[in-house]
Each structure stands twice: as C-alpha cells, then as structure tokens.
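Undergrad: A single structure is presented below for examination.
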Amino acid sequence: MSVKKIRRVLVANRGEIAVRVMRACRELGIETVAVYSEADRAALHVRTADRAVFIGPPPARESYLDIAKIIDACRQSGADAVHPGYGFLSENEDFADACEAAKITFIGPSSASMRQMGDKTSARITVAKAGVPVVPGDNGPEGHGFPTAEQALEAAKKIGFPVMLKAAAGGGGKGMRLVESDAKFVAAYDGAKREAKAAFGDDAVYLEKAIIRPRHVEVQVFADQAGHTIHLGERDCSVQRRHQKVVEESPSPVLTPKLRAAMGAVAVNAAKACGYLGAGTIEFLLSQDGEFYFLEMNTRLQVEHPVTEMVTGLDLVAWQIAVAEGKPLPLTQEQADARRRGASIECRVYAEDPIKFLPSPGKITSLRTPSGPYVRDDSGVVSGSEITVFYDPLVSKLVVWGEDRAAALGRMRRALDEYRVGGIKTNLPFHRRLLRHPEFIAGNYDTGFIEREKATLLAPHVLDGEDLDLALAAAAIHTSGAPAISAVPRASAAESTSPSAWRRWRS
Ligand code: MV4
C-alpha cells in the first residue's frame with residue numbers, strides 16, 4: 001500500500017503512447033520526462049515532455065529496454081514515478097522491482113502479479129482456481145509443460161484433435177502450433193519447443209483444445225489498492241493479421257448484455273485472483289457456439305485502450321495515475337456500466353506497403369490528419385518525422401465514436417478518406433477497403449478474416465464511375481495546358497482515397 005502523490009512522471013517509452021501519457025500528466029498538473037535514443041532526438045515525445053534524458057543508441061536493447069539506464073534517467077531528472085506504456089519494459093517484472101528498489105512509483109501492477117500472469121500455465125492454474133473458464137487442455141504433469149513428445153501425445157489424444165501446442169512462457173502466437181492429427185504431432189511438438197526456446201529462453205509447451213474460428217474479445221479491468229476491481233466492458237480485436245491487431249472496436253458486435261455481464265464478472269475474478277492493481281486486460285477466445293475461455297492477461301495499458309475511453313468518456317491514464325497514488329477507483333461497477341454509450345472503432349495506421357504488409361520506413365514529407373466531431377488521432381509523429389526500422393512502424397491510431405456502430409463506421413470511413421500521408425506508404429488503402437467490406441460492416445468476422453479475405457482487401461485500387469470521369473477530365477485539362485486542379489487536391493493514385501471509388505463494397 002502506497003499513498004504518495006506523483007509530481008513528475010518519466011515515460012519509459014516513445015511514439016504515440018509516450019505522447020498520450022504525457023497529455024494526461026499535463027492535464028493533471030504533473031511534470032513529464034521523456035527518454036530518447038539516438039534515433040529519437042527530434043521525436044514528438046521528446047518535444048512534448050517538460051524535460052528529456054538521452055539514453056543511448058537506436059537499438060531498443062541499448063536504450064528503451066535498458067533497465068539501468070531508465071532508472072538512472074529517473075535519478076537524473078528527479079522523476080518520482082515511471083509510466084512504462086506498452087511493449088518495451090511494461091510487462092518486465094525486473095523493471096517493476098528495480099523501480100521499487102529505487103523508491104520510484106511504478107505505474108502498474110506489482111511484479112508478483114506480472115510474474116503470475118506472465119507464465120501461461122501459471123496464469124491458467126491461478127484463474128481456474130477462481131472459477132474462470134480456461135480453454136480445456138493439459139498443463140503437463142507438473143503444471144509447467146510436457147517433458148516428452150510421447151507424454152504430450154497421450155494427453156493430446158485425451159483432449160481430442162485438433163489441439164494447440166503453446167509455449168508456457170509465450171503469448172502473441174510464438175511457439176504456438178495447431179495440430180490436426182497424431183501423425184503430425186511429434187514434428188509440431190519439436191517445432192513449438194524450438195521456437196519457444198529461441199523466443200523466450202524457456203521451451204516448456206502445454207496443450208489446449210483448438211477453438212475453431214474464434215473471436216478475440218478482451219475485457220478492460222481496473223483495480224485500486226484497496227482491492228476494489230471493476231471492468232469497463234470489452235473490445236473486439238478479432239481483425240488481426242499474423243497476431244498483429246489491425247482494427248479494434250467496442251462494444252463487440254456479437255456480445256449480448258448477458259454475455260457481456262458474464263465475461264465482465266469473470267474478468268474481474270481473474271484480476272482479483274492475482275491481486276491486481278491498475279489497468280489490465282483479460283483476453284478471451286469466444287467460440288462460434290458462444291462459449292468464452294480465458295486466454296491470457298495483459299498486465300499493462302493496451303494499444304487499443306482509446307476505444308474503451310470513447311465509449312465510457314473516461315481517461316484511463318488518469319485512472320492509472322490515481323490508483324498508483326493510492327486513490328480509490330472513482331466509479332462502482334454499476335456506475336461504470338451506466339456510462340457505456342455508443343460505439344467506437346480504432347484503425348491502426350502503419351507505415352507499411354498495403355499490398356505486401358512490409359514496413360515502409362522513411363520521412364513523412366506531408367501529413368493531413370482527420371479531425372471533426374468525435375474523431376481522435378493518437379499519433380507520435382508530425383510532418384517531417386522519420387519512421388525508422390528500429391521501432392514499431394505505427395503512424396497513428398485513428399479512433400472514432402458514434403451513437404451506434406453504423407454511425408461509427410460512417411464516421412471512420414469519412415475520417416479515413418480525409419487522411420493523407422506523404423513520403424511513405426501506409427495501410428490506409430487497406431483500412432478504406434475493410435470499412436467497406438460487407439462482412440465487416442455486418443460484424444461477421446473472426447481471427448481468420450483478413451487471411452481469408454485478403455484477395456478482396458488487398459486488390460489494387462481501380463478508379464471507376466464518377467472518379468474515373470473526374471480523373472480523366474483532370475488529365476485532359478492538365479494536358480491541354482490549363483492548370484491542374486490543386487486547391488483541393490484529389491487523392492494521388494497511391495493514396496486512392498476518393499470515397500465513391502469504394503462503391504463496389506456497398507451492398
Ligand atoms: C488459440 C486459438 C484457438 N484455440 N487457442 C494466438 C495468439 C495467442 N495469444 C493465442 N492465440 C490463439 N490461441 C486455442 N486453444 C487461436 C488463437 C489465435 C488467435 C487468438 C487471438 C487473436 C488472434 C488469433 C489469431 C490466430 C490464432
């Protein structure tokens with residue numbers, strides 16, 4: 001239990017989340033400290049902070065992931081608290097311990113909670129004891145994986161194929177294998193073990209029954225130091241590709257109020273089971289028959305937290321700071337339930353080739369970000385910023401709110417059409433197509449959606465109808481010597497933004 005007012009926060013992160021956290025601090029009258037690598041000297045998060053400390057070379061291992069350097073930066077700058085953001089050191093128990101040892105408030109859960117939830121077999125055991133439904137499976141003879149392929153195969157036969165082999169130390173799909181039959185089991189077991197060892201330095205693998213075409217639905221939880229724990233509803237994150245989320249929304253288009261209440265109550269129990277403090281997320285798989293299963297807990301603020309903020313009208317970073325200072329949660333579960341209103345969607349805008357899904361680093365030479373009612377663009381870049389190969393190529397998170405899902409979809413289509421990024425390729429054309437896909441509009445999607453629909457979602461843009469006429473007319477004017485229309489530039493071919501060109505998707 002700690003009741004210490006926070007006066008100066010060091011944000012141990014970069015990019016949009018560092019800027020996001022600093023905005024909350026500024027609003028609360030809390031001073032901010034940025035840390036930055038050689039590659040981030042001119043970065044927006046450095047300019048946003050009250051002061052900044054240089055922490056080393058561009059590779060994250062030598063800067064943003066170096067615990068000693070971050071603790072030293074706190075000492076140098078007089079910070080009394082650290083916000084870890086997401087990624088980097090946010091789920092590193094040793095970092096939380098190092099902060100405690102240095103008497104710096106870590107804005108997040110205890111290292112013990114992180115340890116308990118970081119290991120997947122230990123998390124399954126912990127939450128199952130609290131009555132949380134986990135995916136049926138076998139954690140292995142001692143509860144931490146199978147020592148031999150033979151023992152694992154025996155267990156797999158009992159569970160029944162198809163099964164999932166998963167890394168105990170894992171998460172994010174690394175060291176994970178879907179196995180359809182016993183013939184392929186031993187090779188999959190060896191492969192999963194090798195991948196787990198390489199990725200986590202721990203080759204323990206365990207078994208779960210495979211859920212076919214699941215949705216990924218996660219519940220936002222919050223806990224204070226008195227142990228009060230509530231949930232703030234769910235986010236549907238099923239639209240992802242290769243374990244990289246692309247679009248998230250709240251509420252999930254498929255949850256009934258009854259299912260939401262059940263998942264929320266279970267999520268609260270899962271958080272209580274590990275003595276949780278602060279913002280956390282309980283991930284579930286939702287099967288096609290409407291059953292839900294605990295998958296894992298993320299012991300940090302998530303990338304997609306803004307959709308929850310939009311439907312609740314709350315500032316989750318301000319809440320994180322409040323509970324870290326020992327203040328009680330400002331709302332009861334009933335009050336929180338009464339706040340949820342309308343629908344919110346987030347599109348992750350990445351600097352990547354929209355066809356090949358490969359990063360497209362470079363300098364952003366021009367930028368027009370959407371705005372207008374209920375449109376939020378959380379970005380860590382401005383015109384002139386560099387997207388480098390060293391870090392995540394996220395340009396921004398475009399988030400909208402609407403009275404209902406249809407309004408939110410219309411608003412997102414409009415916002416996407418306003419968005420212009422020059423100098424680099426982005427996945428904006430992909431998002432424009434996705435938001436016009438009939439199945440997405442209907443809410444009919446699961447975790448395999450992008451892979452199955454990639455041909456339609458990635459088809460190169462072709463002008464048609466009115467847009468083709470306009471483009472032809474503009475070209476005729478241009479070649480006849482009259483000035484090209486430039487006051488309100490139409491989208492370039494690469495940008496392909498004109499709304500009516502997407503008409504093919506309207507059913
Ligand atoms: C599963 C599953 C089906 N059945 N487990 C992928 C990442 C890791 N956190 C858990 N994952 C999955 N676990 C069982 N028993 C399907 C997935 C999965 C998935 C989960 C969430 C979001 C996207 C996904 C994409 C493919 C597979």
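The values are calculated or read from the model by the stated rules, or taken from the named source; none is laboratory data. Just so it is clear, the structure is predicted and the values come from calculations on it, not from any experiment. Glycine gets a Cβ as well: all are built from the backbone with ideal geometry, and neighbour counts include every protein chain shown. For accessibility, only protein heavy atoms count, side chains too; no ligands or nucleic acids. Shrake-Rupley method; radii C 1.70, N 1.55, O 1.52, S 1.80 Å.
Undergrad: Just to be sure, is L259 under 24 Å from G87 (Cβ atoms), open to solvent by 20 Å² or more (accessible area, probe 1.4 Å) and at pLDDT 95 or above?
TA: no
Undergrad: Still on this model: Of the residues that sit in the range 353-386 and are outside any strand (DSSP E or B) and among the charged types (D, E, K, R), which one is farthest from L428 (Cα to Cα)?
TA: K356
Undergrad: May I pose another question? For the structure I just gave you, tell me whether A96 is in contact with a strand residue (DSSP E or B) (Cβ under 9 Å, 6 or more places away or on another chain), at pLDDT below 95 and either open to solvent by less than 40 Å² (accessible area, probe 1.4 Å) or not β-branched (V, I, T) (or both).
TA: no
Undergrad: Taking the criterion of being within 11 Å of the ligand (Cβ to nearest atom), surrounded by fewer than 23 Cβ atoms within 10 Å (Cβ to Cβ) and of a type in the set (G, A, S), would at least one residue in the range 201-216 satisfy it?
TA: Yes, that holds for at least one residue.
Undergrad: What are the residues in the range 168-179 that are farther than 13 Å from A123 by Cα and either within 8 Å of the ligand (Cβ to nearest atom) or at pLDDT 95 or above (or both), if any?
TA: The answer is G172, G173, M176, R177, L178, V179.
Undergrad: Of the residues G108, G78, G85, only one is at pLDDT 95 or above, farther than 17 Å from V323 by Cα and touching a strand residue (DSSP E or B) at 6+ places or on another chain (Cβ under 7 Å); which?
TA: The unique qualifying residue is G78.
Undergrad: Being in a loop (DSSP other than H, G, I, E, B) and open to solvent by 10 Å² or more (accessible area, probe 1.4 Å) is the filter here, so list the residues in the range 171-194 that pass it.
TA: Correct list: G172, G173, M176, E180, S181.
Undergrad: Is there a residue in the range 415-432 that is charged (D, E, K, R), out of contact with any Asp or Glu (no Cβ under 9 Å at 6 or more places or on another chain) and closer than 21 Å to R241 by Cα?
TA: No, every residue in the range 415-432 fails to be charged (D, E, K, R), out of contact with any Asp or Glu (no Cβ under 9 Å at 6 or more places or on another chain) and closer than 21 Å to R241 by Cα.
Undergrad: Give the residues of the range 263-296 that are without any contact (Cβ under 8 Å) to a residue 60 or more places away in the chain and open to solvent by 40 Å² or more (accessible area, probe 1.4 Å), sorted by residue number.
TA: Result: A265, D289.
Undergrad: Continuing with the same structure: Being open to solvent by 10 Å² or more (accessible area, probe 1.4 Å), in contact with a helix residue (DSSP H, G or I) (Cβ under 7 Å, 6 or more places away or on another chain) and either modelled with pLDDT of 95 or more or within 18 Å of G278 (Cα to Cα) (or both) narrows it down to one residue among R339, R405; which is it?
TA: After applying the criteria, what remains is R339.
Undergrad: Could you run through the range 228-259 and say how many residues are within 14 Å of the ligand (Cβ to nearest atom) and of a type in the set (A, V, I, L, M)?
TA: 3
Undergrad: Considering each residue of the range 133-149, count those that are more than 22 Å from D202 (Cα to Cα) and more than 15 Å from the ligand (Cβ to nearest atom), and give that number.
TA: Adding up the residues that qualify gives 0.
Undergrad: Criterion first (at pLDDT 95 or above, part of a loop (DSSP other than H, G, I, E, B) and out of contact with any Leu (no Cβ under 7 Å at 6 or more places or on another chain)) does K69 satisfy it?
TA: So K69 does not fit the description; no.
Undergrad: Scanning for something at positive phi and either surrounded by fewer than 19 Cβ atoms within 10 Å (Cβ to Cβ) or in contact with a Phe, Trp or Tyr (Cβ under 7 Å, 6 or more places away or on another chain) (or both), does the range 300-307 turn up at least one residue?
TA: The answer is no; no qualifying residue exists.
This table checks each residue for (1) part of a helix (DSSP H, G or I); (2) in contact with a Leu (Cβ under 6 Å, 6 or more places away or on another chain); (3) within 12 Å of the ligand (Cβ to nearest atom).
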site: A123; (1), (2), (3): yes, no, yes
site: T126; (1), (2), (3): yes, no, no
site: K157; (1), (2), (3): yes, no, no
site: K166; (1), (2), (3): no, no, yes
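Undergrad: Just to be sure I understand, how many residues within the range 136-152 are open to solvent by less than 30 Å² (accessible area, probe 1.4 Å) and either of a type in the set (A, V, I, L, M) or assigned to a helix (DSSP H, G or I) (or both)?
TA: Result for the range 136-152: 2.
Undergrad: While we're looking at this one, here's another question. Between a first residue in the range 19-35 that is within 9 Å of A49 (Cα to Cα) and a second residue that is among the acidic types (D, E), which pairs have beta carbons less than 8 Å apart while being 6 or more apart in sequence or on different chains?
TA: V19/D378; E31/D50; T32/D50; V33/D50
Undergrad: Where residues in the range 204-236 are in contact (Cβ under 8 Å) with a residue 24 or more places away in the chain and among the charged types (D, E, K, R), which of them is farthest from P253 (Cα to Cα)?
TA: D224
Undergrad: Within the range 205-272, considering only strands (runs of 3 or more DSSP E) that don't extend past its boundaries, which have at least 2 residues that are among the hydrophobic types (A, V, I, L, M, F, W, C) and farther than 19 Å from V135 by Cβ?
TA: Per the criteria, 215-223, 229-241, 244-250.
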